[in-house]
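Input: a single structure, listed below in structure tokens.
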Amino acid sequence: MSIPTTTTTTTAARTPLHVTAEVLSVKKVGAYHHLTLVAPGIPERFRPGMFVAVSVGGEVAQSRLARRSFWIHRVKPVGGYGATIELVVEAVGVGTRWLTGLAPGARVEMTGPLGRPFALPQEPVACLLVGEGYAAAPLFPLAERLRERGCAVTLVVAGADEAHLLSALEARRSARAVTVVTADGSVGSRGRVADVLDEVLTRSGAEVVYAAAPLGTLHAVAVAAEAHGAWSQTAVEQPLTCGTGLCQGCAVPVVGEDGVARLVRACVDGPVFRGDRVRWVELIGEEP
Ligand SMILES: Cc1cc2nc3c(=O)[nH]c(=O)nc-3n(C[C@H](O)[C@H](O)[C@H](O)COP(=O)(O)OP(=O)(O)OC[C@H]3O[C@@H](n4cnc5c(N)ncnc54)[C@H](O)[C@@H]3O)c2cc1C
């Protein structure tokens, strides 16, 4: 199996920036808002699997302490502005409601790109990408990078219902084969990601599996990948406070390369972890 390795970058290229970003557009698509922002320097440093930590503010003064984290979904040029970033935001609370209510021209403080990205395979192997809900966001730029390297990409896109499927149409352009799963059966197969994993892993012959989803699904993917002899990488969402490693508030239990169990920080040691290294039962307290 070709073991994925992280691309070498210079220290300057790895250093996150603190910038004042400008909102260019906010579009509602299904259950999510897609925000396009000019965030100088962040697109150039971005690699799939990295995120930004956003200060939410305005009238929500009490929410300013903890930044809110968001995957970078896309980096794309917009005429007259150069490279922009796109975030996909589900409004679930005070900070995300503030963010999704912003108008074009609004300014937002953010730090990024943060975290360790997905490692890419050295050879053009078959890859399976499994995404659920908004968490699928980092898989789309990953699919692009993998295709550039000649990898055959198969995608599983899942959500509670049609409104919670992220970019299902784009998924069909990004991959050789796409399996859609919804909990209510409104599109694709009815059920959970776990129900289709064996079949998709067999059909795709994937040697590397990437997953970005709620913890229970990540666990199921890590277990299924291992059973099929595939290498898995999982993008773990642990609520983050500082996003820079200082507060130690986003502990993830793992087994290190030395075989010793320890706690690491999701924000700087992750958020992408090898699926077989995370101690899932301890992290989420349940079997898939
Ligand atoms: C690395 C990373 C990447 C993320 N990427 C995205 C993204 O691309 N799009 C997106 O919409 N959200 C993303 N999230 C989750 C997002 O950060 C939270 O939903 C957000 O912080 C909630 O802020 P709020 O003020 O709106 O909600 P709050 O009022 O703080 O909380 C509202 C509800 O959301 C829950 N919640 C808060 N943080 C999280 C979390 N991290 N995971 C699960 N539940 C949480 C709370 O327990 C509460 O029930 C990401 C989180 C991490 C750690």
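Values in this text are rule-based calculations from the coordinates and carry no lab data. These figures come from a predicted structure and were not determined experimentally. Glycine gets a Cβ as well: all are built from the backbone with ideal geometry, and neighbour counts include every protein chain shown.
If you stretched the chain out fully between residue 281 and residue 106, how much longer would it get, using 0.36 nm times the residue separation minus the C-alpha to C-alpha distance?
Contour length minus the Cα-Cα distance gives 58.8 nm.
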Exercise. By how many degrees, between 0 and 90 and to the nearest 10, does the Cα long axis of helix 139-148 differ from the longest principal axis of the chain?
Worked result: 70 degrees
Exercise. Seen from all sides and averaged, what is the projected area of the convex hull of the Cα atoms in region 12-114, in nm²?
Worked result: 6.3 nm²
Exercise. What is the pair-distance distribution P(r) of region 60-214, computed from all Cα-Cα distances in 10 Å bins starting at 0, with each bin given as a whole percent?
Worked result: 10, 36, 33, 18, 4, 0
Problem set entry | Per-selection Kirkwood Rh - region 194-288 (Cα, Å, 1 d.p.) | 13.7 Å
Problem set entry | For peptides 192-200, 246-254, sequence by mean Cβ density within 10 Å, most packed first | 192-200, 246-254
Problem set entry | 0 to 90° range, to nearest 10: angle between helix 193-204 axis and the chain longest Cα axis | 60 degrees
Exercise. What angle do you read, to the nearest 10 degrees and between 0 and 90, between the alpha-carbon axis of helix 215-227 and the longest principal axis of the chain?
Worked result: 30 degrees
Problem set entry | Estimated translational D of the chain in µm²/s (Stokes, Kirkwood radius over Cα pairs; 10 °C; 1.306 mPa s) | 83 µm²/s
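Can you tell me the FRET efficiency between residue 15 and residue 195 if r is taken as the Cβ-Cβ distance and R0 is 30 Å, rounded to the nearest 0.05? List each step's numbers first, then the result.
Working: r = 42 Å, r/R0 = 1.41.
It comes to 0.10.
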Problem set entry | Three principal axis lengths of region 220-273 [C-alpha, angstrom, descending] | 37, 22, 13
